[in-house]
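Pasting a structure below so you can have a look.
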Amino acid sequence: MERSRIAVAGASGLIGSALVRSLTADGHEVVRLVRRAPRGPDEVRWDPEGGRVDAAGLTGCEVVVNLAAAGVGDRRWTPEYKRVLRDSRVLGTAALAEAVASLPEPPRVFLNGSAIGFYGDTGERVADEEAPAGDGFLAGLCEEWEGAAAPAEEAGVRTVFLRTGLVVARGGGAWGRLFPLFRAGLGGRLGDGRQYWSYIALHDEVAAIRHLMDRDDLSGPVNLTAPRPLTNREITAAMGRVLHRPAVCAVPAGVLRAVLGEMAGDVLGSQRVVPRRLLESGFRFAFPGIEEAIRAAQ
């Protein structure tokens, strides 16, 4: 992609900060959406929950990427926090999609965050982008999250939903919590360990987002996961091998339910999700295997 002006919401998060580093290293002009008063020409003010965006600051942007969202695993899912999870995704997406649609010259692509939680618990069944929405809080949330981008789609802007799996990274997200546990010798399977985890290396997540910026023939949902999902038991064993630590401290399902509440259903649930559209578009993973992804994250 030629050097472009690109807006990123959620630029301080795990994926957003890595994406911004990658784009700026290649000479792109990155505009960050911030909730405070802008400190320079590379920042644009927005209030996602309030539905306000300084749309004028998006003028000239060829690409808008929305990765802003409260962390699913940051807190127990109380009714209040579930509302935070929803508002940070749905209201923020709606505000940004409306701002994009209002521009005299809209961007050529709107890349909006989503998650493989869309599919719910797939069990042993392999799910690609053709699979229907699942049941449960996260599946419903993802449906609403993607639906909030309708103003951009209706304005004719190519819109892509980044249905991201578990990102293998040391600095944040679910995996950022696993690394210290395994290094301390406290890692192990969760529940019976037979549930599938669909993961992706942070490097490949960023590369896939950049790939989708350029693919004018791709819109709608795209799964951002490594090609071969593995069970929790297989992944924890790989963590133990790579980090040279035992992986024997299994956490019973009952303990997870007591500690995590409703969220335990998603931790213990199985998501065997594959990136069919990404592979068909010619994308090549740098770290397709779990041990490669873990080593790259250290």
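Matching residues to (1) assigned to a helix (DSSP H, G or I); (2) among the aromatic types (Phe, Trp, Tyr); (3) over 30 Å from Arg3 (Cβ atoms); (4) modelled with pLDDT under 95:
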position	(1), (2), (3), (4)
Glu124	no, no, yes, no
Asp135	no, no, yes, yes
Leu141	yes, no, yes, no
Glu153	yes, no, no, no
Asp192	no, no, yes, yes
Arg210	yes, no, no, no
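Confirm whether Gly73 is at pLDDT below 95 and in contact with a Leu (Cβ under 9 Å, 6 or more places away or on another chain).
Working: at pLDDT below 95: yes; in contact with a Leu (Cβ under 9 Å, 6 or more places away or on another chain): yes.
Yes: the conditions hold for Gly73.
A follow-up question, please. Might you let me know whether segment 65-75 holds any residue that is within 25 Å of Gly176 (Cα to Cα), open to solvent by 50 Å² or more (accessible area, probe 1.4 Å) and outside any strand (DSSP E or B)?
yes
Restricting attention to segment 76-92, and to residues there that are in contact (Cβ under 8 Å) with a residue 40 or more places away in the chain and charged (D, E, K, R), which single residue is least open to solvent (accessible area, probe 1.4 Å)?
Arg89
Here's a check for you: in segment 93-108, which residue that is open to solvent by less than 20 Å² (accessible area, probe 1.4 Å) and aliphatic (A, V, I, L, M) is farthest from Glu49 (Cα to Cα)?
In this case the residue turns out to be Leu103.
So, Ser12, is that one touching a residue at least 60 places away in the same chain (Cβ under 8 Å), of a type in the set (S, T, N, Q) and either touching a helix residue (DSSP H, G or I) at 6+ places or on another chain (Cβ under 6 Å) or over 24 Å from Arg158 (Cα atoms) (or both) or not?
It is false that Ser12 is touching a residue at least 60 places away in the same chain (Cβ under 8 Å), of a type in the set (S, T, N, Q) and either touching a helix residue (DSSP H, G or I) at 6+ places or on another chain (Cβ under 6 Å) or over 24 Å from Arg158 (Cα atoms) (or both).
Going through Thr231, Thr225 one at a time, which residue ends up being under 16 Å from Glu129 (Cα atoms) and either open to solvent by less than 40 Å² (accessible area, probe 1.4 Å) or modelled with pLDDT under 95 (or both)? Before you say what the answer is, go through the steps one by one.
Details: Thr231 fails: under 16 Å from Glu129 (Cα atoms).
From the options Thr231, Thr225, the qualifying one is Thr225.
The values are calculated or read from the model by the stated rules, or taken from the named source; none is laboratory data. The structure displayed is predicted, hence computed values, not measured ones. Quick reminder, even Gly has a Cβ in these numbers, built from the backbone with ideal geometry, and neighbours come from all protein chains shown. Ligands, DNA and RNA are excluded from the accessible area calculation, which covers all protein heavy atoms including side chains. Shrake-Rupley method; radii C 1.70, N 1.55, O 1.52, S 1.80 Å.
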